[in-house]
Every structure is written in C-alpha cells, then in structure tokens.
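FYI, it's all coordinate maths here, none of it is from the lab. The shown structure was predicted, so the numbers you read here are calculated from the model rather than taken from an experiment. Positions of Cβ are generated from backbone atoms using ideal geometry, with glycine treated the same way; all protein chains shown enter the neighbour counts.
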Amino acid sequence: MVLDDLGTSLRSSLDKLQGKSRLSESDVEEIVKEIQRSLLSADVDVSLVMELSDSIKSRALEEEPPGGTTAKDHVLKIVYEEMVELVGDSTELPLENQTILLAGLQGSGKTTSAAKMAWWFSKKGLRPAVIQTDTFRPGAYDQAKQMCERAEVDFYGNPDNDDPVDIARTGLEATEDADVHIVDTAGRHALEDDLIAEIEEIEGVVDPDRSLLVLDAAIGQGAKDQARQFEKSIGIEGVVITKLDGTAKGGGALTAVNETDSSIAFLGTGETVQDIERFEPSGFISRLLGMGDLKQLSERVERAMQETQEEDEDWDPEDMLQGEFTLKDMKRQMDAMNKMGPLDQVMDMIPGLGGGMMDELPDDAMDVTQDRMRRFERIMDSMTEEELENPRVVGQSRTRRIARGSGTDEETVQQLLEQHSMMEETIGQFQGMGEGDMQRMMKKMGG
Ligand code: GDP
C-alpha cells in the first residue's frame, strides 16, 4: 500500500508519546523528522515534504491541545488533518453521463486502467464504453479490446486508422449509447512535444468532463514535471495510481496530486479488470496513522455486539471497556468476534493493534476456532463462579480438577487461561485510549 512505511514509523514515534500530556519541542522535532524520513524515502517531492512537515511542526507547537487530549492524540489529529488536506477527498465521479480522458506516459497503466474503470462503472449500473486512441504503441488496440471483453463493456478502436484524433471523434459517435465514455490516449517514453500536442488536440475533440492522470506507483521525483505539464496542457482533475500491488510506495503520486491541485480517483492493485479500488481518504489515512478504520470497526463491533447481546440479555458491552475482563467476558467476546469475521482483519482495524502488532503475537494467540471454543466452553462449565470472575485464583490443583471435570487436559486449561490474559491485555489497550478518546476519534472519522 502507499506509504506503508510512513504508517509504521509514525506509529512507533507516536507510541513514544504514550502517557504524555504535553509535547516538548524535541518530541515534535523527532516526529517531524520521522515524517520527513518516511515521505522522502517514499519518493515524495522534497519541497512538498518540507511544506507538510513545517505546517505539522508549527501547528503541533502553537496549537493548544483541547482539554483532556493527550499529546499523542493532539499530534495524531494534526498529522491526520494535514495528510487529508494533502490527498484531499477522492476525485468526484458522479454516477451519470460523462466523458473521461486518460493521460500518462507509456507503461503507466492507462489502457489497463481504462478497462478497469469501465468495469467499475458497469458494476455501478452504468453503461461504459472505452475508446482506444493509442495508435502509437503496437498491441494497444488488441490489449484494450481483450480487456474490455473480459470486463464485458463496449469498446471502440480502429487498428487501420493512424489518426488518434479521428479515432476519438468516430469512437464517440460509434458508442453514443454508452453513459460513460473513457478515452484512452497514447503515451510516450517521456514528455515529448508531439505527445502534448496530440493530447491537446484529442482533448479539444473529446471535451472531457474530467481528465485523469495515470501514474505508476513507482514514479519518483519525475512525477512533478509530468503532472505540471499535463495540468498545463489539458487540466488534471484526478490521479489514478497503478501497480500498488507491487513494492512501490506511491509517494510520487502524492506529489502529482499536490502539483495539480487535484485528488486521487482510483487505485490499481493488479493486472485483472477487477483490481481497482476507489480511493477512500479518511479510511486510508487513519489506517496509515494506525488509528484503524474506526468507522468500519465500530459498525462491525456494534453489529456483533448486538447479536451477542440479543442472545444474552444481561450483558452490557460497556462493562467490558470499563471494568475487569473476566472469563465470562472472554466467552462473550469470542462469540462476538466469531461473528465479526476473520480475526486478523478485525485486529487490523483496532487502533494501536493494526500494522504489525499481530505479527508479534504467537500464531495461535487469537486462534478461536470452533473446536477450541467448544473445549474452552466445557472447561468454563467446570469452573466455579469465583474462578470465572477471577481466573487468577486458578492454580495447579484447581487446574487439575477443572481438566478432570471437563474431560480435557491440564494443558488446554492452561491455554484457556493464557488466552484470557492475552485478550485481557488487548482489551486493556483499548481501555487505555479512554472512552472519550474513542468517541472523539470516531467523531473525527465521521462515524
Ligand atoms: P499504458 O501504456 O499506459 O496503456 O499501460 P498498460 O495499461 O499497457 O500497462 C502497462 C503494464 O502494467 C501492463 O503489463 C499491465 O498489465 C501492467 N499494469 C497496469 N496496471 C497494473 C496494476 O495495477 N498492477 C499490476 N501488477 N500491473 C499493472
């Protein structure tokens, strides 16, 4: 994913602020350095990095944190806001009649993205058509045609015509039944005058509602010049970042977004027509900053909690976040988690737990398979009320008794207790955020 490293390093420097209520100048310096280092190594343009880090720095030092806010939250909020400001909302793409022009260098992924976008619009119930005007690259016609067949969308191209402007004009007429026209253009190895002249001419004929710049995530400092040129000649409303399934960090694309004063429209994440995602800025940045995707998480948790609660009317999930985490809570928690879906995904969405935390836990730490659950349930049935409320009283002799009573073995009883303490710790981190913090963050995320 874009800027994954930024997330990791930011999280570790922000974690150092845990428990602090005020930021010192050196705290801010350290965080800003970390941000600079990550952005630069992700190929974000130097002057943009400086601009971004300067405003984070001055805001972190000058703005008074609202009462009750920890230093970490305060910085997190500022970094979040500055990053959201930088990437902006995802490019507006109303689900209606429109013409989209794709621009970019050869190999950036225009043809692939054209078919992917057409597929995306068709899934939204619209009728898209792709018009292939790339007469420069041999094979572009066949590639586009095949991909459009796979995407089951209309396609126009003419391998016998070498005039892209004429193809564009004819193509628009030939596909007039379509709602969304996506016009693919030729690229060159570099920004050459004839490329610019050609795309300007196509733009004149097509009169697009929006022009999108397609950029390979691997593009580095070159992004700035490219973005500036295309912006000057045809005007860029959005950026499509491709090949994010690779190792590239995508920093150049952020530079392009900034340079064209535009936003990110789509992310390309593979070679097939379905490998396309709309860009979701708040979810993306909050994950990046290790806040987890709070909105999504809160919805899932709520749904699962509700179901569990319907089955067990005495239980109030709030208790778990406030008071002790008993074995009874653990059982309900396991029930609820089973309903939420794959645990690693759920964990990834929990603030502070995402991004690598799972890697540090032993593989089976959160393994709540049905089989294991059933054995754990039998064990819990053999425990006294006192033991369930306070598992710490379970020593060796009680373990032996419980194992015998439940028809399991001492090792499994031990595993249950270990799992409990692991989850207790996890819940503790959740509690550490404080209820107010959670709510504030959820509000910030628009939840
Ligand atoms: P164009 O010259 O700009 O039209 O670029 P193409 O659409 O032909 O893409 C160039 C190469 O990149 C092709 O081999 C594509 O399969 C590949 N490609 C495009 N988008 C993606 C992507 O999101 N992920 C991966 N892995 N490959 C991509």
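Summary of values
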{"item": "Viscosity 0.692 mPa s, 37 °C: Kirkwood-radius Stokes-Einstein D of the range 4-87 over Cα pairs, µm²/s", "result": "256"}
{"item": "Calculated from backbone phi, Karplus (6.51, -1.76, 1.60) coupling profile of the range 125-138 in Hz, x at Gly/Pro", "result": "x, 9, 10, x, 9, 9, 10, 9, 9, 7, 9, 8, 8, x"}
{"item": "Exceeding the 30 Å Cα-Cα cut-off - candidates LYS110/LYS224; LYS57/LYS224; LYS123/LYS224; LYS145/LYS243; LYS16/LYS328; LYS57/LYS232", "result": "LYS123/LYS224; LYS16/LYS328; LYS57/LYS232"}
{"item": "SER24 versus GLN221: modelled label distance in nm, points set 7 Å from Cα along the beta carbon direction", "result": "3.6"}
{"item": "DSSP beta bridge pairing in the range 98-280, given as percent antiparallel to the nearest 5", "result": "10"}
